[in-house]
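Structure, as structure tokens:
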Amino acid sequence: MLGAKEGTSLATLIAEAIPVCQEAERRCPRRGAGRKPVSPDWVVALLIMVAVLKRRKSKSAQYRFIHHHRAALTKA
């Protein structure tokens, strides 16, 4: 569903970005010592992409946006 602005919906952008982010993680896997991350890298990249598309540029603004919209992002 489109809002007041024209363009592709966020759900469509997420659906198109998932395979790209997963392929990027496959091509550049984590290496070295340390504990494995709780969330896969492609999920983190996708969340950052969504926050930047919503013009949240700092890490704290991205965290607040993702935390506030976590139900909708989980659904998408």
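A compact table of results
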{"quantity": "Tally of residues being in contact with a Lys or Arg (Cβ under 9 Å, 6 or more places away or on another chain) and aliphatic (A, V, I, L, M) across segment 51-76", "calculated": "3"}
{"quantity": "Residue satisfying all of: in segment 58-70; free of Cβ contacts under 8 Å to residues at least 12 places away in the same chain and under 17 Å from Leu13 (Cα atoms); surrounded by the most Cβ atoms within 10 Å (Cβ to Cβ) among these", "calculated": "His69"}
{"quantity": "Hey, Val20 open to solvent by less than 70 Å² (accessible area, probe 1.4 Å) and at pLDDT 85 or above or not", "calculated": "no"}
{"quantity": "Residue count, segment 33-57 (criterion: assigned to a loop (DSSP other than H, G, I, E, B), within 20 Å of Ala15 (Cα to Cα) and not charged (D, E, K, R))", "calculated": "2"}
{"quantity": "Failed criterion for Pro29 (all others in (1) part of a loop (DSSP other than H, G, I, E, B); (2) under 15 Å from Leu10 (Cα atoms); (3) modelled with pLDDT of 85 or more hold)", "calculated": "(2)"}
{"quantity": "Scope segment 33-57; condition surrounded by 13 or more Cβ atoms within 10 Å (Cβ to Cβ) and among the small types (Gly, Ala, Ser); matching residues", "calculated": "Ala45, Ala51"}
{"quantity": "Whichever residue in segment 1-17 is touching a helix residue (DSSP H, G or I) at 6+ places or on another chain (Cβ under 9 Å) and in a helix (DSSP H, G or I) and, among such residues, is modelled with the highest pLDDT", "calculated": "Ala17"}
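The values are calculated or read from the model by the stated rules, or taken from the named source; none is laboratory data. Just so it is clear, the model here is predicted, and its values are computed rather than measured. Virtual Cβ from ideal backbone geometry, glycine too; neighbours counted across all protein chains shown. Side chains are part of the model used for accessible areas, which takes the heavy atoms of the whole protein and leaves out ligands, DNA and RNA. Shrake-Rupley method; radii C 1.70, N 1.55, O 1.52, S 1.80 Å.
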